[in-house]
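To keep things clear, I will list the structure first and then write my remarks on it.
The values are calculated or read from the model by the stated rules, or taken from the named source; none is laboratory data. From a predicted model like this one, the values you see are computed outputs, not experimental measurements. Cβ atoms come from the backbone with ideal geometry, glycine included; neighbour counts cover every protein chain shown. Ligands, DNA and RNA are excluded from the accessible area calculation, which covers all protein heavy atoms including side chains. Shrake-Rupley method; radii C 1.70, N 1.55, O 1.52, S 1.80 Å.
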Amino acid sequence: MNATETLAARIERGDRTALARMISWAENGDPRFAAELNALWPKVGRAWRAGVTGPPGAGKSTLVNELARVERTRGKTVGIVAVDPSSPFTGGALLGDRIRMDDRTLDPGVFIRSMASRGSHGGLARAAASACDVLDAFGFGTILLETVGVGQAEYDVLDAADTVVVVLCPGAGDGIQAMKAGLLEVADVLVVNKSDMPGAERLINDLTEAVHVRFTKRAWQVPVVAASAGTSKGIDDVLDAIAAHRAHVEAQGLEAARRRKRVEQVRHSVSEQLAERLWGPAGLRERVAAQLAEGASPHAIAAALLEEITRGLAKPAEARR
Amino acid sequence: MQMTTKKIRVLVGKPGLDGHDRGAKTVASALRDHGMEVIYTGLHQTPEAIAEIAAQEDVDVVGLSILSGAHMALFPRVRAELVKRGMAHVLLTGGGIIPMEDMAALESQGYAKLFGPGTRTEEIAVWIQGEMEKRWKAEGAQ
Ligand code: B12
Ligand SMILES: Nc1nc2c(ncn2[C@@H]2O[C@H](COP(=O)(O)OP(=O)(O)OP(=O)(O)O)[C@@H](O)[C@H]2O)c(=O)[nH]1
Ligand SMILES: [Mg+2]
């Protein structure tokens, strides 16, 4: 291999080690990542990205494995990004999703990448969307993005996926909880997994009713699909539901839909990095502490800071250089 | 400044038919508790599968665990599969029931260091951190 060849060039040649390294660069905030992704950007946008989210243990990984297996029989290649939580105390993580995807390891049409959330609170890792971009550029036709096990308030997947699949299962709270959770609102497809277990019928009925009562004005009718990933049942139905949603989005205008999501991605990314720069090495904490010691109120300090920052932003670019 | 998020990524693998997984799981959890991102393969992996996972995950460290006596057959095969995938640079380590002379032999075949029964997991974690610090420092100096 040519030592000076860029990662982007190697990825265009189908080099999986380069693909893996580029995802690491995204994860580590490596300054070289941006130029490589720029070089690949014309190739990004061909894949369909399905986000798979839901509470811990609902069967997301098992379902992703099954979806990948059946997609392969349909002639598609599959890229998978699976996020597990980092410990807030040590920063370490045990990335266990891919244990459920064991039988896909040696399939050259599948690529699986585990990611730790690294302090992101929205159910994904900060680099998850970038990893999907790289897999997309590499040429995978379907991308499956598994979030960490989520509660009632982690929705980053909404901006990273074309279709959001919410996986629920019987025994983990009743229909009322499902209605309360905003999870229901981000779903394009609802899957009741573990439908081999008691209580599945009831959950399906509750969800079907909830969806019909709440989302009557929406153009897309969210389907409720029964599946049992553990016993390979209903997998085709889930894929068909994703395909139907895709057809709907494409009919409504794919470019506009994706642009809306991209705007949100940029907004998140900028807000996060801005906060890091401000509160990281700049010594703002010390300044605020000193102001507090002088008797200023937190409210007044915050207002003055915001004023200062927006004034800086409003200056023309030349003046700042 | 941007490198603050870089983490040591480790694959803990169980090649072959050996069913002893207590040690592998203990080491995996200990490394996580020392701030590393750890992928555990589960039991009964082929050398090809372990190397393929290491490549897809772009790990910095591959650690193998064997208590069945098959280490002299399996450890070199895992290394060969890693090399085949352009992963010759990973830090190779492992442990289990491995006689001293076998440890010495494997350590002359690309395995940086192997650990036997009774090793404190703290010692393993600190050793990996030290090795990775050295490597990252050398890369940064280039
Ligand atoms: C517990 C045990 C079992 C349990 C395993 C439970 C489990 N899920 O793991 C059971 C009862 C199932 C079992 C079964 C068998 N066992 Co058994 N078992 C043991 C025993 C008593 C302890 C192993 C253990 O868990 N130790 C605790 C862990 C924490 O230590 P460890 O694995 O050594 O890990 C440490 C280091 O080795 C190192 N390390 C290990 N892995 C890794 C990985 C990395 C990356 C790193 C850096 C370090 C590292 O760090 C760890 C921390 O110090 C050992 C004897 C012994 N004293 O080791 C025999 C032993 C391993 N078993 C043995 C045998 C023969 C068997 C059986 C074939 C039948 C039998 N005769 O009992 C079956 C085979 C099972 C199978 N399918 O493979 C032999 C192996 C002989 C050999 N290699 O030549 C041993 C040595 C006993 C003996 N003296 O005969 N066994
Ligand atoms: N009965 C039954 N069990 C299942 C089914 N699907 C998954 N499971 C089991 O549910 C458990 C959790 O499965 P995972 O696929 O790891 O769930 P997950 O949602 O990915 O979990 P996290 O990533 O930890 O949030 C495992 O023990 C699976 O074997 C199913 O359809 N039926
Ligand atoms: Mg999972």
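Residue by residue through B:32-43, how many Cβ atoms from other chains fall within 10 Å of the Cβ on average?
Working: counts 9, 5, 3, 7, 6, 12, 7, 10, 5, 4, 5, 2.
For this peptide, the per-residue mean of nearby foreign Cβ atoms is 6.
Indicate the gyration tensor shape class of segment A:26-121 (rounded, prolate or oblate), computed on the Cα atoms with a ≥ b ≥ c the square roots of the eigenvalues: a/c under 1.5 is rounded; otherwise a/b larger than b/c is prolate and the rest oblate.
Details: a/c = 2.00, a/b = 1.04, b/c = 1.92.
Since a/c reaches 1.5 but b/c is at least a/b, the shape of segment A:26-121 is classed as oblate.
Of the chymotrypsin sites (Phe, Trp or Tyr not before Pro) found in segment A:131-231, those that fall in a DSSP loop while having at most 16 other beta-carbon atoms within 10 Å are A:Phe215, A:Trp220. Only Cα pairs under 8 Å and 6+ residues apart enter the sum, and on that basis the relative contact order of segment B:9-141 stands at 25 percent.
Highest GNM mean-square fluctuation among B:Leu64, B:Leu106, B:Leu17, for chain B modelled with Cα contacts below 10 Å: B:Leu17. Which number comes out as Rg/Rh for the protein assembly as shown once both Rg and the Kirkwood Rh are worked out on C-alpha atoms? Ratio value, two decimals: 1.00. Under a Gaussian network description of chain A, with springs only between Cα atoms under 10 Å, the residue in A:Asp30, A:Asp156, A:Asp237 that fluctuates furthest is A:Asp30. Computed about its Cα centre, the charge dipole of segment B:9-141 is approximately 20 debye, with only Lys, Arg, Asp and Glu carrying charge at their Cβ.
On the protein heavy atoms, probe 1.4 angstrom, tell me the percent of accessible surface of the protein assembly as shown carried by carbon and sulfur. Walk me through the intermediate numbers first.
Working: 12290 of 21990 Å².
Here it works out to 56 percent.
Phi angles of segment B:127-135 translate, via the Karplus equation with coefficients 6.51, -1.76, 1.60 and θ = phi - 60°, into HN-Hα couplings of 4, 4, 4, x, 4, 5, 4, 4, 5 Hz per residue; Gly and Pro are given as x.
Could you please report the charge total around A:Val167, scoring K, R as +1 and D, E as -1 over all other residues with beta-carbon less than 15 angstrom from its beta-carbon?
Numbers: positive: A:Lys60, A:Arg100, A:Lys194, A:Lys233; negative: A:Glu66, A:Asp97, A:Glu146, A:Glu154, A:Asp188, A:Asp196, A:Asp237.
Net of charged neighbours comes to -3.
Protein-only accessible surface at a 1.4 angstrom probe places the residues A:Lys217, B:Lys14, A:Lys233 in the order A:Lys217, A:Lys233, B:Lys14, largest first.
Need one number: the % of Cα-Cα pairs in segment B:9-141 sitting beyond the 19 Å mark.
Values: 3851 of 8778 pairs.
Result: 44 percent of Cα pairs exceed 19 Å.
Residues of segment A:10-49 falling in the label zone of A:Glu250, defined by backbone nitrogen less than 20 Å from a point 7 Å along Cα to beta-carbon, are A:43-49.
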